[in-house]
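Just below is one structure, and these are the notes that go with it.
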Amino acid sequence: MPVSRDSSAEREPLYPDYPRLSRIYEQLNDDEDARVCKDIPEGACRHQPRNFFAYLVANTLSKVADELSSARLILPWLIGAAGASAGFAGFLVPIREAGVLVPQLVVAAYIRRLAQRKVVWLVGALLSMLALAGMAAAAGVLEATAMGWAIVGLLVLYSLARGLCSVAAKDVLGKTVSKTRRGTLMGYSASAAGVATFGVGLYAEFAVGGEGVNLTLFLAAAALLWLFSLLAFSRIEEAPGATEGGGNALAVAVKSLGILFSDRAFRRFVLARGLLLSIALVPPFFVLLAQERAGSGAAGLGLMIIASGLAASLSSPVWGRLSDHSSRWAMFCASLAAALLCALTAGLAWWDGALLESPWLHALLFFGISICHGGARLARKVYLVDMANSDNRAQYVAVSNTVIGLSMLVLGAVGLLTGWIGVAGVIALLGAVSLVAAVYGLTLKEVSG
């Protein structure tokens, strides 16, 4: 039941079990009813401050760990610096993304057998920590080709482990944190991770001049962050949930795909998310354009990290609030902004190449597309969690992630088009798809608020 606010400084906290956390929680969620408990079990309401902050800390630390081991920036730089074949770098992003998404449909069937799903996240976190620790060891001991194979192999393990975390995280979030609070939580998490990433970028660009960055230490730090993230997530109080649908994994997986045909709202969401892949796929081409036009070397890594960190820290709270109000409109805004930015970038490449000789301009463009990518990613997560309920949320997440993972493997071949239309042409093409995503997103059913 809602609890009315008392303007007195001495009033009782809304969550008596957690007096200190309650007051901070109320300040971060300042509205007419801080004790809102929508779409979560009754028993979870009293633990909401604890769960909110445990999830916030765990999610933030895991995001920073992902940035320190980024398959788009850190690992390619590491492999290149070791003298390994450039062919290894081409496998990194597809493995990182598809490895997370594709197996989830089968994994979800096993998760359905568990009344409490946070244990799945904890297993994924442990495996993530071990994989990154292995990468750090390989980077410190092996050289060239041997290190390349080790990094790629351990990235497969890391991606699969992240898949366990991904399919369990949304289900746990939906059971422990109230609707209208989830976007705010993820916004704060992304913002805090962005601030940390910004600090890493400053260190990489200015403290050691880019060339002297020890990326082995980055990977070791990422592994340690996963350990702390595991400890934080273990503090979540999760109420038991439904266990139906936990039969044979492959049989359940095939049966689960049927919801793409029987559930129109979900099918339309998956199509919208597929169109949003254009925003996920385009950032590496911004990096390629920077290398092509500005001759960015290793020193440019710091500028890109700074741009990514600033984008997350400044925009994520805004995206979170907007998503809680209307995740559909948040997806539209992110898609439209990406389309316009891609058009601008391609236009500069075609008509005024001199401007693109500055690495700072490329960092600014990367900053913009990172804002769009973060907004689209956060908004579609909130939309899915809000559209689902406790009985079908894990299935929705697993089916959509599997379909999108397979789609990414196919659409990743867009890079082959650079031989015909150039990097700027690929950016323009993906920008056009983002425009379609914006228009289509407005036709989705409103589920937030």
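Results, tabulated for the structure shown:
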item: Residue match in the stretch 265-282 (condition: assigned to a helix (DSSP H, G or I), closer than 27 Å to residue 131 by Cβ and at pLDDT below 85); result: yes
item: Residues satisfying the stated conditions in the stretch 132-156, i.e. under 19 Å from the mean Cα position of the chain (by Cα) and within 20 Å of residue 58 (Cα to Cα); result: 132
item: Pair list, Cβ < 6 Å and 6+ apart or interchain, from the stretch 311-328 residues that are in contact (Cβ under 8 Å) with a residue 60 or more places away in the chain to residues that are charged (D, E, K, R) and open to solvent by 20 Å² or more (accessible area, probe 1.4 Å); result: 328/446
item: Exclusive hit being open to solvent by 20 Å² or more (accessible area, probe 1.4 Å) and touching a residue at least 12 places away in the same chain (Cβ under 8 Å), set 277, 288; result: 288
item: Selection status of residue 294, closer than 20 Å to residue 356 by Cα, modelled with pLDDT under 80 and not aromatic (Phe, Trp, Tyr); result: yes
item: From the options 154, 130, 164, 202, residue that is touching a helix residue (DSSP H, G or I) at 6+ places or on another chain (Cβ under 6 Å), surrounded by fewer than 23 Cβ atoms within 10 Å (Cβ to Cβ) and assigned to a helix (DSSP H, G or I); result: 154
item: Close pairs (9 angstrom Cβ cut-off, 6 or more residues apart or separate chains): over 21 Å from residue 191 (Cα atoms) and assigned to a helix (DSSP H, G or I) in the stretch 375-404, open to solvent by less than 10 Å² (accessible area, probe 1.4 Å) and among the acidic types (Asp, Glu) anywhere; result: 393/171; 394/171; 397/171
item: Complete set of residues in the stretch 183-226 that are β-branched (Val, Ile, Thr) and modelled with pLDDT of 85 or more; result: 216
item: Filter pass, residue 114 being under 20 Å from the mean Cα position of the chain (by Cα), over 20 Å from residue 75 (Cβ atoms) and surrounded by fewer than 21 Cβ atoms within 10 Å (Cβ to Cβ); result: no
item: From the options 425, 412, residue that is within 27 Å of residue 265 (Cα to Cα) and either open to solvent by less than 10 Å² (accessible area, probe 1.4 Å) or among the small types (Gly, Ala, Ser) (or both); result: 412
item: Among (1) surrounded by fewer than 19 Cβ atoms within 10 Å (Cβ to Cβ); (2) closer than 26 Å to residue 306 by Cα; (3) of a type outside the set (Ser, Thr, Tyr) - the single one residue 419 does not satisfy; result: (2)
item: Residue within the stretch 175-194 that is over 24 Å from residue 54 (Cβ atoms) and open to solvent by 10 Å² or more (accessible area, probe 1.4 Å) present; result: no
item: Odd one out for residue 51 among (1) modelled with pLDDT of 75 or more; (2) over 30 Å from residue 392 (Cβ atoms); (3) touching an Asp or Glu at 6+ places or on another chain (Cβ under 8 Å); result: (2)
item: Residue within the stretch 425-441 that is touching a Gly at 6+ places or on another chain (Cβ under 6 Å) and of a type outside the set (Asp, Glu) present; result: no
item: Matching option when the condition is more than 14 Å from residue 277 (Cβ to Cβ), in a loop (DSSP other than H, G, I, E, B) and among the aliphatic types (A, V, I, L, M), among 416, 444; result: 444
item: Close pairs (6 angstrom Cβ cut-off, 6 or more residues apart or separate chains): open to solvent by 10 Å² or more (accessible area, probe 1.4 Å) in the stretch 331-355, at pLDDT below 95 and not in a helix (DSSP H, G or I) anywhere; result: 332/442
item: Selected residue [in a helix (DSSP H, G or I), out of contact with any helix residue (DSSP H, G or I) (no Cβ under 6 Å at 6 or more places or on another chain) and at pLDDT 90 or above] from 137, 125; result: 137
item: Pair list, Cβ under 8 Å, 6 or more apart: the stretch 152-181 residue at pLDDT below 80, other residue surrounded by fewer than 20 Cβ atoms within 10 Å (Cβ to Cβ) and assigned to a helix (DSSP H, G or I); result: 175/44; 176/44; 178/45
item: Members of the stretch 229-264 that are modelled with pLDDT of 85 or more and surrounded by 17 or more Cβ atoms within 10 Å (Cβ to Cβ); result: 229, 230, 232, 233
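The values are calculated or read from the model by the stated rules, or taken from the named source; none is laboratory data. Values in this document were obtained by computation on a predicted structure and should not be read as measured data. Note that we place each Cβ from the backbone using ideal geometry, even for glycine, and neighbour counts take in every protein chain shown. Ligands, DNA and RNA are stripped out before the accessible areas are found, and what is left, the full protein with its side chains, is counted by its heavy atoms. Shrake-Rupley method; radii C 1.70, N 1.55, O 1.52, S 1.80 Å.
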